[in-house]
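Enquirer: One structure, as structure tokens, below. Some questions next.
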Amino acid sequence: MREKKPIILPEKYYLNYFNYLLNFVTEHYQHILEDEEYFFIQNFKNLTEDAQCLYLRFSNRKGNFFRLSKINYSEIKNLNAAKEELLIHEFIDINASKDPAQFSLFTKAELINHFSFLDRKERKANLLMELSEWDIQSIHENEEIAEVKKNQEVAFLKLLFFGNRYHEMTEFVIRDVGNVKLKSFDESKFQPWFQSRSEALGVMHISQLKKMIREIIVADLPLEEFLINIPWEEWRTYPRSKEAAEKLLLEIGTHFEKNGKLESALSCYQRTALPPSGERQIRILEKLDQSIKALDLAKKILEQPGNASELTFASDYLNRSGIRINRSMTRRLHLAKKLELPEKQARVEQEVLHYYKEKGWQGVHSENFIWRSMFGIVFWEELFNEDHGTFHHPLQREPSDLDEAAFFTTRKIVLEKRVEGFKTRKQLFNHLSSTYDENFGIANRFVTWHDQLLPILEIMIQRLPLKSIKLVLLEMAKQTKENSIGFPDLFIWKKDDYHFYEIKSPNDHLSAQQLFWLDFLTSARIKADVLRVSYSHEPNVGLHH
């Protein structure tokens, strides 16, 4: 591997990034922006460059308060003038707030030195609890503390660009210093994340609501009263806010369930189809003596499961209820081969590989990476095609619908056409090889780039039935998040044979996703089994059926 030269960013790189974001949002979100955002953008651009830089230095850091005596940025030539400009144009306030959060800007020693009534033996966290807004004035007499304003406008503009509240401007830095190599896109094909202002504001409000709810839970305050007027149904009418709202409903439902508030939990779970809401509803209905409703829901899940875990739970629940469903983790484990090894010396997967190598096999601890990598390379063009309207800005690493059912349904024809085009193993490997060479190192959630990847994939292609490989790839595409995990631990092979093994110790259990893939691989005529490993001091160790 070639040694990379360090990349030095321009002095005011963060200002360049923010100006790019403002121009991008102005161009792509005219249908959403209103006066408050336009006023912010114009007022920001009217600032001097020093003032712009100082504001962004504040805005990009955590917290709303900053001690001006501690601020020193070499690229800002006149810090005092920049500060005064921001104050005049209301981008900051100075010593205007009485929020006790300002005390956290000071060290424990500084607080004790300033407030004689504090006990120096106490931890800083306890000292902060002793201070209140009435003590702020004495701090302000000796210190200028700036409070950043217009946070809502900045947060909303970032939301429009990134599509969420958890990505930050550091994404630009990660790209430009070479930590991540991103796919290049045709920017003329970018589509807005949000179709309306209501949808974007919904996502914004849900993010703020999530923070408030977590604070309420930590403070052990009554949550039910707070949730009375939340517009869940309005938020669920838009794709982006629906996803955010339903994730939050799951979180709230889990809190209620853990605290024994089953009716409230059930109400939350019933508002979302996201797993594991179905399983949680069934469990609660059972506790509420509503078994008929629980059975009906289990049957619905069996017909259209949200993921493998829901499928397994619904199957097991119906089995326990006397409705026989042919799906069992216990049966898989009971029929598993058993391998006795000498006293444990290393990780169990490595010991099993060593055992098989002594028997003439080769192998790798493959788990998910070989199937994921094959998927990511085979469907490279389908993953990064901008024509589906699922790329929204140049920092994206994957289509925005990748974890949704829409990924498969909207691309079903092209995905099937892709795999149907491989009439021979050679055609499949040639496609893998050329795509690998052309895109090596570009960020792709599924692909683990390394020099041994292609040789291992070639070995798989040479040994597995071609039709079976195609079936697995298409099944992964149906639920890319859930179905890209749970593959067997080991892939072993010799000249004309191969096997996948899920390794389990005597007390280990199969996960629902592992059972799903073992069943699917077997039905696709791929050799895949559970191998139960135990350790023995006896000389007669080895494989038992």
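The values are calculated or read from the model by the stated rules, or taken from the named source; none is laboratory data. What you see is a predicted model; the values in this text were computed from it and never measured. Using ideal geometry, Cβ is built from the backbone for each residue, glycine included, and neighbour counts are taken over all protein chains shown. For the accessible areas, the whole protein counts, side chains as well, though only heavy atoms, and no ligand, DNA or RNA atoms are used. Shrake-Rupley method; radii C 1.70, N 1.55, O 1.52, S 1.80 Å.
Enquirer: Rounded if a/c is under 1.5, else prolate if a/b beats b/c, else oblate: with a ≥ b ≥ c from the C-alpha gyration tensor eigenvalues square-rooted, which is the stretch 311-446? Walk me through the numbers before you get to the answer.
Expert: Working: a/c = 2.24, a/b = 1.34, b/c = 1.67.
Since a/c reaches 1.5 but b/c is at least a/b, the shape of the stretch 311-446 is classed as oblate.
Enquirer: Would you please give the residues with an amide H less than 5 Å from that of Leu339, counting only those at least 5 places away or on a separate chain, with H modeled from the backbone geometry?
Expert: Counting only residues 5 or more places away or on other chains, the set is Arg532, Val533, Ser534, His544.
Enquirer: Gap in Å between the Cα centre of the stretch 369-407 and the Cα centre of the stretch 255-304?
Expert: Cα centroid to Cα centroid, the span is 33 Å.
Enquirer: Let me ask something else about it. My understanding is that a pair violates if its Cα-Cα distance is over 24 Å; which of Lys62/Lys83; Lys158/Lys210; Lys98/Lys121 do that in this structure? Could the numbers behind the result be given before it?
Expert: Values: Lys62/Lys83 19 Å; Lys158/Lys210 18 Å; Lys98/Lys121 26 Å.
Going by Cα-Cα distance, Lys98/Lys121 fall outside the 24 Å limit.
Enquirer: Also, quick follow-up: I'd like the orientation of helix 425-439 relative to the chain: the angle between its Cα long axis and the longest Cα principal axis, in ° from 0 to 90, rounded to 10.
Expert: Orientation of helix 425-439: about 20 degrees from the principal axis.
Enquirer: Arrange the residues Lys338, Lys300 by how much accessible surface each exposes, largest first, with a 1.4 angstrom probe.
Expert: Lys300, Lys338
Enquirer: If the reach is capped at under 15 angstrom between alpha carbons, list the aspartates and glutamates near Lys293, excluding any in the same chain fewer than eight residues apart.
Expert: Glu263, Glu279
Enquirer: Give the peptides 46-58, 285-297, 9-21 in descending order of average Cβ contacts within 10 Å, highest first.
Expert: 46-58, 9-21, 285-297
Enquirer: Which value, in Å² and to the nearest 10, is the accessible area of Lys412 when all protein chains are kept and the probe is 1.4 Å?
Expert: For Lys412, the solvent-accessible surface is approximately 90 Å².
Enquirer: Okay, moving on. What accessible surface, in Å², does a 1.4 Å probe find on Met212, ignoring ligands, DNA and RNA and rounding to the nearest 10?
Expert: Accessible surface of Met212 is approximately 90 Å².
Enquirer: May I ask what percent, to the nearest 5, of DSSP beta bridges between residues of the chain are antiparallel?
Expert: Numbers: 18 of 29 bridges.
Restricted to the chain, the bridges split so that about 60 percent are antiparallel.
Enquirer: Which order do the peptides 448-461, 477-490 come out in when sorted by mean C-beta neighbours inside 10 angstrom, highest first?
Expert: Averaged packing, sorted descending, gives the order 477-490, 448-461.
Enquirer: Further question: With everything on Cα atoms, drop me the angle between helix 277-287 and the longest principal axis of the chain, reported from 0 to 90° to the nearest 10.
Expert: 80 degrees
Enquirer: Using θ = phi - 60° and the Karplus curve 6.51 cos²θ - 1.76 cosθ + 1.60, what whole-Hz ³J(HN,Hα) does each residue of the stretch 447-462 get, with Gly and Pro shown as x?
Expert: For the stretch 447-462, the Karplus curve yields 9, 9, 6, 7, 5, 8, 5, 4, x, 5, 5, 5, 4, 4, 5, 5 Hz.
Enquirer: Nearest 500 deg cm²/dmol is fine: what mean residue ellipticity at 222 nm does the chain get from its DSSP H runs of n ≥ 4 alone, each adding -39,500 (n - 2.57), divided by its residue count?
Expert: -15500 deg cm²/dmol
Enquirer: Students sometimes get this wrong: rank Val25, Val414, Val173 by accessible area, probe 1.4 Å, all chains present, largest first.
Expert: The residues order as Val414, Val173, Val25, largest area first.
Enquirer: Can I ask one more? I'd like the orientation of helix 151-162 relative to the chain: the angle between its Cα long axis and the longest Cα principal axis, in ° from 0 to 90, rounded to 10.
Expert: 30 degrees
Enquirer: Okay, next question. What is the stretch 131-275 by shape, rounded, prolate or oblate, if you read a ≥ b ≥ c off the alpha carbon gyration tensor as root eigenvalues and call it rounded for a/c under 1.5, prolate for a/b larger than b/c, and oblate otherwise?
Expert: Judged from the Cα gyration tensor, the stretch 131-275 comes out oblate (a/c at least 1.5, b/c at or above a/b).
Enquirer: Moving on. Which entries of Lys426/Lys481; Lys287/Lys412; Lys124/Lys149; Lys5/Lys77; Lys5/Lys470 have Cα-Cα distances beyond 32 Å here?
Expert: Details: Lys426/Lys481 29 Å; Lys287/Lys412 41 Å; Lys124/Lys149 28 Å; Lys5/Lys77 30 Å; Lys5/Lys470 41 Å.
Over 32 Å apart, Cα to Cα: Lys287/Lys412; Lys5/Lys470.
Enquirer: With Cβ to Cβ distances under 15 Å as the rule, what net charge do the other residues near Glu130 carry (K, R +1; D, E -1)?
Expert: My count for the surroundings of Glu130 gives 0.
Enquirer: Is the stretch 190-305 best put as rounded, prolate or oblate by its Cα gyration tensor, with a ≥ b ≥ c the root eigenvalues, rounded for a/c under 1.5, and otherwise prolate when a/b is larger than b/c, oblate when not?
Expert: Note, shape of the stretch 190-305 comes out oblate.
Enquirer: Follow-up. For Ile92, list long-range residues whose amide hydrogen, built 1.01 Å from N in the peptide plane, is under 5 Å from its own amide hydrogen.
Expert: Sorted by chain and number, the residues that satisfy this are Leu87, Lys149.
Enquirer: While we're here: Which of the lysines could a cross-linker span from Lys344 if the Cα-Cα distance has to be under 26 Å and same-chain partners fewer than 8 positions apart are dropped?
Expert: Lys357, Lys359, Lys494, Lys504
Enquirer: Separate question: Under a straight-distance cross-link criterion of Cα-Cα below 17 Å, which aspartates and glutamates are reachable from Lys108, leaving out those fewer than 8 residues away in the same chain?
Expert: Asp119, Glu122, Glu130, Asp135, Glu143
Enquirer: Might you tell me the accessible area per residue for the chain, computed with a 1.4 Å probe and given in Å²?
Expert: Here the per-residue accessible area is 53 Å².
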